[in-house]
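Readers should treat all values here as calculations from the given coordinates under stated rules, not as data from a laboratory. All figures in this text were calculated on a predicted structure; none of them were measured in a lab. Glycine also receives a Cβ, built like all others from the backbone with ideal geometry; neighbour counts cover every protein chain displayed.
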Amino acid sequence: MKVVDSGQMRSIDSRTIIEYGLSGPVLMERAGLAVVRIMKEQFFPGPKDQNQKRQKTIVLAGGGNNGGDGLVVARLLKNDGWNVKVHFLSSPQKASPDCRAQLEAAKKFGVTIINAPPDRADFHAAIVVDALLGTGLSKEVAGKLAQVVEDVNRFGEKIVAVDIPTGISSDDGRVMGTAVRADLTVTFGLPKKGHILHPGAEHAGSLFVEDIGFPRELLVSDSLSCEIIEKGQAAGLLPERPVFSYKQTFGHVLALAGSRGKTGAAILCARAALRTGAGLVTMGIPDEVAGVFQSRVMDEMTLPLPSSAGSISAKAVEKIFSFIHERADVIAAGPGLGVTGDTQTLVPEIIRACPAPMVLDADALNSLSGNLRTLSQAKAPIIITPHPGEMARLTGKKTADIEKDRLGAALSVSSETGAYVILKGARTVIASPEGKSFINPTGTPGMAKAGTGDVLTGMLAGLLAQGLQPLDAALLGVYLHGLAGELAAARFGLHSMLASDMHGTIGEAMRDLRDELGRG
């Protein structure tokens, strides 16, 4: 499903009215109807409940079209017998024409309109409908309005946001000063980036995306370059597993990983590649610690390489390339690799000359700090998987600046280097060199633990080894990684799950996606 910012949604709205002849008041009416239906379904499920008729509801409405939507909600609920009161926090003379029309209609239907903020008593046992600002917010919420928002959060028992919670930027999910924390949000046409990205996602609560009549061709337009990865989309990318096949059919991954004190990262990566379906995995490891690896591996193979101070030496380059040309289909580099003068020489050399697709993570990226352009010199496709700190070191920016605009940061690096960028975090985002971006909906706070990134690197390499194109591998890998994390957290708990637990749930996640396709 496409995800839009405020400007794109404004364009869809405007084109629907001007080019397709569906008037603003009609869209407003349908938006209000959608909100009312969702409220009834969520708060009063089952047979029609007479308690609906007595349900106290306060609608907080501003003077824009979002406020007009809220006034429609108030009128419809009043007409259905609900106890409704509107606090209209704008001058009627300054309201938009459609909002003014809805204000007059609400009055004629007997809705109580109060041109003042609610007090604490108003919130008691009430459903609060937030229709104050909507998606057009461009400055921080402050002054009296900020106090209203704080009161809603403090005293509101059930809070419904119309389109987007007041105070959330629809473009990037930032809290603009302060913001309503809704139990549920009903938005129209398409989700906004602010609904999906944090912290906006937390403020939105349960999100409902409702069709109010926008032309489908506008909602699926190629001009909308950001999408949220959907389960069916991920399931459709699962690689086939032909009956007539053998281990080489599913590719050979060379994982350049591990160093003294960081052997676990290499094993997490290699095992994840196998769990995701790679036919063969060899770990290229420092020969100084080869004995440690050999005592721990079962399904993986090892390739001891010349080392220095417990890490792979730059002198290993010939042996690495000999293995790549003879056997490897995909390279995964970085987990536990260490950052030394040798790795800072070795990693760029491999990038420039490697004929096989690569996944670069962790210390492979740290070994490139400040040398972003090296990625653009690659001979084969590259997927990079930085967390915000690694992205900051790679680009020379501050971590806080990366976090402020995760999509923008990923798109910028992808465009500049030609690499496919997976910027990890809540939420993980993906950017392609063609300018497309994706937001991943799966994952859990339990994954905020050492080693989960190493698992992702292995999963991506395993999918590439099975023949997936880089973007498809990125989309499926990230979705599966988050789903496997959710399953591990459900089994072991948010606090107690380990990255290694995900090895046991990768298969469950893949089976879940296969079930989505009816393959079993």
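Charge dipole of the chain (Cα centre as origin; +1 on each Lys and Arg Cβ, -1 on each Asp and Glu Cβ, all else neutral): 860 debye, rounded to the nearest 20. Our estimate of slack between Thr345 and Asp405, defined as 0.36 nm per intervening residue step minus the Cα-Cα distance, is 18.5 nm.
For the chain, the relative contact order comes to 12 percent (Cα pairs under 8 Å, sequence separation of at least 6).
With 31 Å as the limit on Cα-Cα distance, the pairs of Lys144/Lys192; Lys193/Lys247; Lys94/Lys404; Lys2/Lys247; Lys319/Lys397; Lys193/Lys398 that go past it are Lys193/Lys247; Lys94/Lys404; Lys2/Lys247; Lys319/Lys397. Which shape class applies to the range 6-221: rounded if a/c is under 1.5, otherwise prolate when a/b exceeds b/c and oblate if not, where a ≥ b ≥ c are the square roots of the Cα gyration tensor eigenvalues? Note, shape of the range 6-221 comes out rounded.
Take the Cα of Leu33, step 7 Å toward its Cβ, do the same at Gln248, and the gap between the two points is 6.3 nm. The chymotrypsin sites (Phe, Trp or Tyr not before Pro) of the range 134-208 include none that DSSP puts in a loop with a beta carbon having at most 16 other beta carbons within 10 Å. Per-residue ellipticity at 222 nm computed for the chain from its helices equals -12500 deg cm²/dmol, with DSSP H segments shorter than 4 residues left out and the rest contributing -39,500 (n - 2.57). Sequence-distant contacts, meaning Cα pairs under 8 Å at least 6 residues apart, place the relative contact order of the range 175-266 at 21 percent. For a label point 7 Å from the Cα of His325 along Cα→C-beta, name the residues of the range 247-264 whose backbone N is under 20 Å from it. Only 252-256 fall inside the zone, counting backbone N under 20 Å. Taking every DSSP beta bridge that has both ends in the chain, the antiparallel portion is near 15%. Going 7 Å from the Cα of Lys107 in the Cα-to-Cβ direction, what parts of the range 64-99 have a backbone nitrogen less than 11 Å from that spot? Once the point is set 7 Å along Cα→Cβ of Lys107, 92-93 turn out to lie under 11 Å by backbone N, inside the range 64-99. Contact order, relative form, for the range 231-516: 21 percent (alpha carbon pairs under 8 Å, 6 or more residues apart, mean separation divided by residue count).
Spatially, the range 310-357 and the range 262-283 are offset by 16 Å when compared through their Cα centroids. Restricting the range 212-289 to GluC sites (Glu not before Pro) that sit in a DSSP loop and have at most 15 other Cβ atoms within 10 Å of their own Cβ leaves Glu230, Glu240.
Here the spin labels are modelled as points 7 Å beyond Cα on the Cα-Cβ line, and at Lys315 and Tyr20 they lie 6.8 nm apart.
Legend: ranking of residues Thr428, Thr302 from fewest to most surrounding C-beta atoms inside 10 Å; resulting order Thr302, Thr428. Look at the dipole of the chain built from charges on Cβ: of Ser91, Ser245, Leu471, the Cα furthest out on the positive end belongs to Ser91. Among the chymotrypsin sites (Phe, Trp or Tyr not before Pro) in the range 245-337, those located in a DSSP loop and surrounded by at most 13 other Cβ atoms within 10 Å of their own Cβ are Tyr246. Full extension of the chain segment joining Asn115 with Asn83 gains 9.7 nm, where the gain is 0.36 nm per residue of separation less the Cα-Cα distance.
Note on Val220 and Ser11: the model spin-label points, each 7 Å out from Cα along the C-beta direction, lie 1.9 nm apart.
Counted as membrane-span-like here are DSSP H helices of the chain whose alpha-carbon atoms extend 24 Å or more along the helix's own axis and whose Kyte-Doolittle mean is -0.5 or above; these are 24-43, 470-492.
Here the gap between Asp299 and Lys144, fully extended at 0.36 nm per residue and compared with their Cα-Cα distance, gives a gain of 49.4 nm.
When Asp363, Asp211 are ordered from fewest to most other Cβ atoms inside 10 Å of their Cβ, what list results?
Asp211, Asp363
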